[in-house]
1. Could you state the angle between the C-alpha long axis of helix 4-27 and the longest principal axis of the C-alpha atoms of the chain, as a value from 0 to 90 degrees rounded to the nearest 10?
2. So between Lys97 and Ala174, what do we pick up on full extension, going 0.36 nm a residue minus the alpha carbon distance?
3. Could you sort 21-28, 4-11 so that the peptide with the highest average Cβ count within 10 Å comes first and the rest follow in order?
4. Can you match semi-axes √(5λ) of the Cα gyration tensor in Å to one of these, (i) 28, 14, 14; (ii) 57, 19, 6; (iii) 31, 17, 14, based on a calculation from the structure here?
5. Would any residue of the range 38-71 have its amide N under 17 Å from a label point 7 Å out along Cα→Cβ of Thr167? List them or say none.
6. Filter Lys124/Lys148; Lys24/Lys148; Lys97/Lys124; Lys28/Lys148 down to the pairs with a C-alpha to C-alpha distance above 30 Å, please.
7. Over the chain, what is the relative contact order in whole percent, taking alpha-carbon pairs under 8 Å and six or more residues apart?
8. Which of Ile15, Ile115, Ile64 moves the most in a Gaussian network model of the chain with Cα springs under 10 Å?
Amino acid sequence: MKTATQNLENDHDYILRLIDVMEKMMTKFNTDLTHIELVVSLIMNYADGIHHFKEENLFFPLMIEKGFSNPISAMLHDHEEGRNFVKGMNDGIEKYKQRNESALPEIYRNMQGYIDLLRAHIGKENNVLFRMADRVLSANEQEHMLLKFAEAERTNSGVGQMQQFITEIEGLEAIYNG
């Protein structure tokens, strides 16, 4: 049976792939704003808009009910810190568009902060929090959560949008891994 935690880990796989692309963008000192803007859009709409929505509105509340408020508090803090890095990337993009060349290092600093944060964050969720959830959530709870996740994906992104996000990540990988 596919579980809610497996669904979240699947999201993590794509988020980590996007993070790998971000790292390659930085090593190539890419200034193609369309790619940087696409990365920010994917973070905002996929990583935060869908994945974090599922965690914050569906998964975390259930885990708090099960007595895991301390680890959830730490995860929520990480989500907010990630949003701050994304805001920094967005602010840097706007400055760069105004021909402020010093904005590029600001964009990269925020990208690196996001990369470091999310790698550690995903490691904690995949290896600790989700394993705890697998021990305490019943099969019915996992199944119910999985149905709620599917509903959230449809509601928050629209039909076919999840596949579009994946296609965009794969497109960036083709550019930066090639």
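1. Helix 4-27 and the main axis of the chain meet at about 10 degrees.
2. Numbers: separation 77, 0.36 × 77 = 27.72 nm, distance 2.56 nm.
Stretched out fully, the Lys97 to Ala174 stretch lengthens by 25.2 nm.
3. Numbers: 21-28: 16.9, 4-11: 18.6.
In decreasing order of mean packing, 21-28, 4-11 become 4-11, 21-28.
4. So the calculated entry is the one marked (iii).
5. The answer is 38-39, 42, 46.
6. On the way: Lys124/Lys148 23 Å; Lys24/Lys148 35 Å; Lys97/Lys124 36 Å; Lys28/Lys148 40 Å.
Exceeds cut-off: Lys24/Lys148; Lys97/Lys124; Lys28/Lys148.
7. Computed over the chain, the figure is 41 percent.
8. Ile64
Only the coordinates and a few stated rules stand behind these numbers; no lab work does. These numbers come from a predicted model, not from an experiment. Because the Cβ atoms are built from the backbone with ideal geometry, glycine has one as well, and the counts that use them run over all protein chains shown.
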